[in-house]
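To start, the structure itself, in structure tokens.
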Amino acid sequence: MVESSVIASDMLFVRHPGNPMLAPIRWPYPANAVMNAGATLVDGQTVLLCRVEDRRGISHLTVARSSDGFSNWVVEAEPLMCPHPDHPEEQWGVEDPRVTRIDEIDGWAITYTAFAPGGPGISLATTEDFRTVRRHGLVRVPEDKNGVVLPRRVDGKWILFHRPTTVMGARSDIWLSRSADLDSWSSPEPVLATREGGWWDSARVGMGPPPLETSEGWLVVYHGVRQTVAGALYRAGLALLDLEQPAHVLRRSPEWVLGAQMPYELMGDVPNVVFPCGLTNPDGSDELRLYYGAADTCIGLATGSLSTVLSYLLSCPPGSGG
């Protein structure tokens with residue numbers, strides 16, 4: 001691994017020169033914004049499940065595919081998931097998907113925000129091919145967001161990370177729940193909290209992509225928000241969770257590792273936003289590909305080295321920080 005003493009947090013991820021990867025202008029049908037995509041690998045192709053906001057302001061989910069994960073994206077002409085009349089919890093849109101490959105079910109779990117007059121909740125669906133889906137319905141009632149499922153059971157239970165805002169008043173922290181069947185979930189357990197004061201993640205935190213299992217623990221990319229007089233700043237940070245006790249934070253980055261700097265991140269429907277939802281590690285290599293929403297308008301890609309990221313995290317103070 002790279003020596004931790006020479007690792008700078010702002011050098012861990014490098015933006016792809018082709019950014020933004022996907023934007024409304026490249027879409028095969030009219031769209032206001034394309035953002036916050038879950039990511040996975042299917043038969044050697046990169047599949048992004050993109051949140052697409054139409055010109056009414058209602059979001060749906062559409063698949064885009066690329067052979068190399070960088071270029072020549074092929075976007076499906078029809079959405080994979082739109083608000084469904086049999087699911088009133090989706091009335092105002094389906095948003096911000098995360099995609100987890102689960103070998104046990106020989107398919108993928110899709111967790112997403114279902115938005116309705118009652119507020120945002122977390123719904124779950126499964127797919128075998130990203131052409132059809134089976135909805136499991138609402139698994140965490142409003143107000144709850146940023147649902148992410150681990151790729152395997154821990155101590156016989158599935159793990160769902162999420163951000164309920166009704167557990168501790170107005171706090172917006174990361175919690176987890178457990179399930180034997182992917183349908184019924186336990187009461188939340190605390191995992192990672194906002195840091196008090198002027199920290200970059202002091203207003204709220206939420207899980208990004210599904211955590212990646214490594215020899216050192218579950219590698220987590222999360223978003224943190226700082227509220228300023230000019231508005232909210234959304235940035236990405238890192239954490240490492242214990243493999244068999246995922247509520248236990250081993251390490252947490254004191255600094256953010258990816259923040260809004262480029263014009264497509266600084267300007268858009270919601271300025272100053274980097275919102276990671278997709279992470280791939282092609283062929284178990286050392287490469288990390290982080291797909292993120294930029295300014296709630298388009299999708300960017302940043303790449304990094306798994307070994308360097310882990311070295312950086314292991315150089316951070318033990319525990320949850322703050």
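Annotation: of all residues in the stretch 202-227 being among the hydroxyl-bearing types (Ser, Thr, Tyr) and part of a loop (DSSP other than H, G, I, E, B), the one that is nearest to the chain's Cα centre (by Cα) is Ser202.
Is at least one residue of the stretch 167-174 within 21 Å of Pro276 (Cβ to Cβ), in contact with a strand residue (DSSP E or B) (Cβ under 9 Å, 6 or more places away or on another chain) and assigned to a strand (DSSP E or B)? The answer is yes, given that some residue of the stretch 167-174 is within 21 Å of Pro276 (Cβ to Cβ), in contact with a strand residue (DSSP E or B) (Cβ under 9 Å, 6 or more places away or on another chain) and assigned to a strand (DSSP E or B). Applying a threshold of 7 Å to beta carbon distances and a minimum spacing of six or more residues, or different chains, the list of pairs starting in the stretch 53-82 at a residue that is within 19 Å of Thr132 (Cα to Cα) and in contact (Cβ under 8 Å) with a residue 40 or more places away in the chain and ending at one that is part of a loop (DSSP other than H, G, I, E, B) and of a type in the set (A, V, I, L, M, F, W, C) reads Leu61/Leu80; Val63/Leu80; Val63/Phe130; Ala64/Trp73; Val75/Trp27; Leu80/Phe130; Leu80/Val133; Met81/Val133.
Look through the stretch 215-254, keep the residues that are small (Gly, Ala, Ser) and touching a strand residue (DSSP E or B) at 6+ places or on another chain (Cβ under 9 Å), and return whichever of them is farthest from Met11 (Cα to Cα). Among those residues, the one meeting the criterion is Ala247.
Does the stretch 193-201 contain any residue that is part of a strand (DSSP E or B) and surrounded by fewer than 23 Cβ atoms within 10 Å (Cβ to Cβ)? No, because not a single residue in the stretch 193-201 is part of a strand (DSSP E or B) and surrounded by fewer than 23 Cβ atoms within 10 Å (Cβ to Cβ).
Here's the yes/no breakdown for (1) in contact with a Leu (Cβ under 7 Å, 6 or more places away or on another chain); (2) within 24 Å of Ala260 (Cα to Cα); (3) buried (at least 21 other Cβ atoms within 10 Å of the Cβ):
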position: Phe13; (1), (2), (3): yes, yes, yes
position: Pro17; (1), (2), (3): no, yes, no
position: Ala37; (1), (2), (3): yes, yes, yes
position: Gly44; (1), (2), (3): no, no, no
position: Ser67; (1), (2), (3): no, no, no
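Only one of the listed residues (Arg51, Arg56, Arg98) is basic (Lys, Arg) and touching an Asp or Glu at 6+ places or on another chain (Cβ under 7 Å). That residue is Arg51.
Any idea which of Phe115, Phe161, Phe130 is more than 16 Å from the chain's Cα centre (by Cα) and farther than 19 Å from Glu89 by Cα?
Details: Phe115 fails: farther than 19 Å from Glu89 by Cα; Phe161 fails: more than 16 Å from the chain's Cα centre (by Cα).
Exactly one residue qualifies, and that residue is Phe130.
Being closer than 20 Å to Met207 by Cβ, at pLDDT 95 or above and touching a strand residue (DSSP E or B) at 6+ places or on another chain (Cβ under 7 Å) is a property that does not hold for Val154.
Yes/no per residue for (1) modelled with pLDDT under 95; (2) outside any loop (DSSP other than H, G, I, E, B); (3) of a type in the set (A, V, I, L, M, F, W, C); (4) closer than 29 Å to Pro142 by Cβ:
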residue	(1), (2), (3), (4)
Asn19	no, no, no, no
Met35	no, yes, yes, yes
Leu48	no, yes, yes, yes
Val52	no, yes, yes, yes
Gly57	no, no, no, yes
Thr62	no, yes, no, yes
Ala77	no, no, yes, no
Pro83	no, no, no, yes
Asp96	no, yes, no, yes
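Within the set Leu301, Leu314, Leu258, Leu306, the sole residue that is over 18 Å from Asp201 (Cα atoms), in contact (Cβ under 8 Å) with a residue 40 or more places away in the chain, surrounded by 24 or more Cβ atoms within 10 Å (Cβ to Cβ) and of a type in the set (A, V, I, L, M, F, W, C) turns out to be Leu301.
Condition first: crowded, with 17+ Cβ neighbours inside 10 Å, touching a residue at least 60 places away in the same chain (Cβ under 8 Å) and not charged (D, E, K, R). Can you find one or more residues in the stretch 224-234 that meet it? There is no residue in the stretch 224-234 that is crowded, with 17+ Cβ neighbours inside 10 Å, touching a residue at least 60 places away in the same chain (Cβ under 8 Å) and not charged (D, E, K, R).
For Ser186, are the conditions met, namely being surrounded by 15 or more Cβ atoms within 10 Å (Cβ to Cβ) and in a loop (DSSP other than H, G, I, E, B)?
Details: surrounded by 15 or more Cβ atoms within 10 Å (Cβ to Cβ): no; in a loop (DSSP other than H, G, I, E, B): yes.
The answer is no for Ser186.
Taking the conditions (1) exposed (fewer than 15 other Cβ atoms within 10 Å of the Cβ); (2) in contact with a His (Cβ under 7 Å, 6 or more places away or on another chain) in turn, Val94 satisfies each one other than (1).
Within the stretch 103-120, being aliphatic (A, V, I, L, M), part of a strand (DSSP E or B) and under 18 Å from Asp183 (Cα atoms) holds for Ala109, Ile110, Ala114.
The values are calculated or read from the model by the stated rules, or taken from the named source; none is laboratory data. Predicted model only: the values in this text are computed from it and were never measured. A quick note on method: Cβ atoms are made from the backbone with ideal geometry, for glycine too, and the neighbour counts reach across all protein chains shown.
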